[in-house]
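K.L.:
The structure follows.
The values are calculated or read from the model by the stated rules, or taken from the named source; none is laboratory data. Predicted model only: the values in this text are computed from it and were never measured. Here Cβ is always computed from backbone atoms with ideal geometry, including for glycine, and neighbour counts include all displayed protein chains. Surface accessibility is based on the protein's heavy atoms, side chains included, excluding ligands, DNA and RNA. Shrake-Rupley method; radii C 1.70, N 1.55, O 1.52, S 1.80 Å.
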Amino acid sequence: MSGVMLMTVIQPAGRPGTMGGMDIRRALPADLPTVFGIYAREAREGHATFDHEPRPMELWEDKLAADDHFLVAEHEGAVVGYATSSPFRPKPAYRHTRETTVYVAPGQQGRGVGRALYDDLLTRLVGDGVHLVVAAVALPNPGSLALHRACGFEEVGVMREVGRKHDRWIDVVFLQKVLG
Ligand SMILES: CC(C)(COP(=O)(O)OP(=O)(O)OC[C@H]1O[C@@H](n2cnc3c(N)ncnc32)[C@H](O)[C@@H]1OP(=O)(O)O)[C@@H](O)C(=O)NCCC(=O)NCCS
């Protein structure tokens with residue numbers, strides 16, 4: 001995959017409440033504690049991930065070392081969100097498909113951070129010749145569904161009650177986007 005350093009600078013607000021002056025860049029080791037914290041909160045309190053506990057720091061370090069398009073959004077010197085890709089499934093015929101995910105810090109949601117991260121991530125995936133991207137969204141999650149639809153993903157099916165967290169069954173909708 002491309003080793004070219006890419007950085008997107010998001011210009012000031014296009015719509016009211018949208019965060020301006022935000023950088024989207026590759027994640028660095030110094031970003032991992034913030035990424036760890038964003039994910040840990042969702043693992044413990046939310047249902048966007050089916051983990052119950054924070055992901056160990058070693059796994060984040062492995063992800064940084066892997067070719068997983070690990071991006072962060074930085075605003076005024078602070079990491080406010082991240083996005084990554086991962087292999088969809090391990091068997092070789094799936095090698096042109098990647099699964100994508102994105103997390104924005106709670107206080108920063110709804111201000112264009114997720115969209116900026118995903119736009120950059122999808123551009124990089126196209127550049128790397130990825131054919132298809134897949135996302136799995138645990139319901140309800142209107143923000144994530146809106147983000148994926150806005151980025152051109154289409155829904156391909158719902159798995160009913162495939163997860164259980166916080167004492168309730170959780171449906172997961174799968175979405176996909178053909179990149180070319
Ligand atoms: C889902 C998530 C990544 C979205 O990121 P965000 O920065 O809040 O979203 P943005 O502000 O970039 O909005 C993206 C689009 O979704 C829409 N949107 C965002 N939140 C919304 C909501 N709660 N309801 C309806 N639409 C919403 C925006 O209007 C925007 O649409 P547009 O580009 O057509 O104007 C973020 O809310 C989050 O991290 N949630 C917790 C973790 C999570 O669910 N991650 C996804 C795992 S699949």
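K.L.:
Ordering Met57, Met19 by accessible area with a probe of 1.4 Å, largest first, what comes out?
P.N.:
My answer, sorted largest first, is Met57, Met19.
K.L.:
As a check on your grasp of the helix formula, calculate [θ] at 222 nm for the chain: sum -39500 (n - 2.57) over DSSP H runs of n ≥ 4, divide by the residue count, round to the nearest 500.
P.N.:
-8000 deg cm²/dmol
K.L.:
On a full-extension model of 0.36 nm per residue, what is the gain between Glu155 and Arg41, subtracting their alpha-carbon distance, rounded to one decimal in nm?
P.N.:
Gain on extension, Glu155 to Arg41, equals 38.3 nm.
K.L.:
Here's another thing I want to ask about it. Between Glu53 and Arg95, with labels modelled 7 Å along Cα→Cβ, what's the label distance in nm to one decimal, could you check?
P.N.:
The modelled label-to-label distance comes out at 3.5 nm.
K.L.:
Provide the per-residue ³J(HN,Hα) series for region 121-127, in order, calculated from phi with Karplus coefficients 6.51, -1.76, 1.60 and θ = phi - 60°, each as a whole number of Hz, with x at glycine and proline positions.
P.N.:
Working through the residues one at a time gives 4, 5, 4, 5, 5, 4, x Hz.
K.L.:
Also, quick follow-up: If you stretched the chain out fully between Arg26 and Ala66, how much longer would it get, using 0.36 nm times the residue separation minus the C-alpha to C-alpha distance? Mind dumping the intermediate values first?
P.N.:
Working: separation 40, 0.36 × 40 = 14.40 nm, distance 1.22 nm.
In short, 13.2 nm is gained.
K.L.:
OK, next. Taking each pair of different alpha-carbon atoms in the chain once, compute 1/r for the pair, average those values, and report the inverse of that mean as the Kirkwood hydrodynamic radius in Å to one decimal.
P.N.:
That comes to 16.8 Å for the chain.
K.L.:
DSSP loop trypsin sites (Lys or Arg not before Pro) in region 72-180 with at most 15 other Cβ atoms within 10 Å of their Cβ, which ones?
P.N.:
Within region 72-180, the qualifying trypsin sites (Lys or Arg not before Pro) (loop, at most 15 other Cβ atoms within 10 Å) are Arg95.
K.L.:
Let me ask something else about it. Whenever you get a sec, compute what percent of the accessible area on the chain sits on carbon and sulfur atoms (1.4 Å probe).
P.N.:
Carbon-and-sulfur percentage of accessible area, whole number: 55.
K.L.:
Another question, if that's okay. What is the dipole size for the chain, taken about its Cα centre, with +1 at each Lys and Arg Cβ and -1 at each Asp and Glu Cβ, in debye to the nearest 20?
P.N.:
400 debye
K.L.:
Of all DSSP beta bridges in region 8-133, what percent run antiparallel (nearest 5)?
P.N.:
Just about 90 percent of them are antiparallel.
K.L.:
What FRET efficiency comes out for the pair Thr123/Phe174, r = Cβ-Cβ distance, R0 = 25 Å, nearest 0.05?
P.N.:
After rounding to 0.05, the efficiency reads 0.65.
K.L.:
Let me ask another. Provide the per residue accessible area, probe 1.4 Å, for region 62-180, rounded to a whole number of square angstrom.
P.N.:
Accessible surface, normalised per residue, equals 50 Å².
K.L.:
Just need the relative contact order of the chain here, percent rounded to a whole number, with Cα pairs under 8 Å and 6+ apart.
P.N.:
The normalised contact order for the chain reaches 18 percent.
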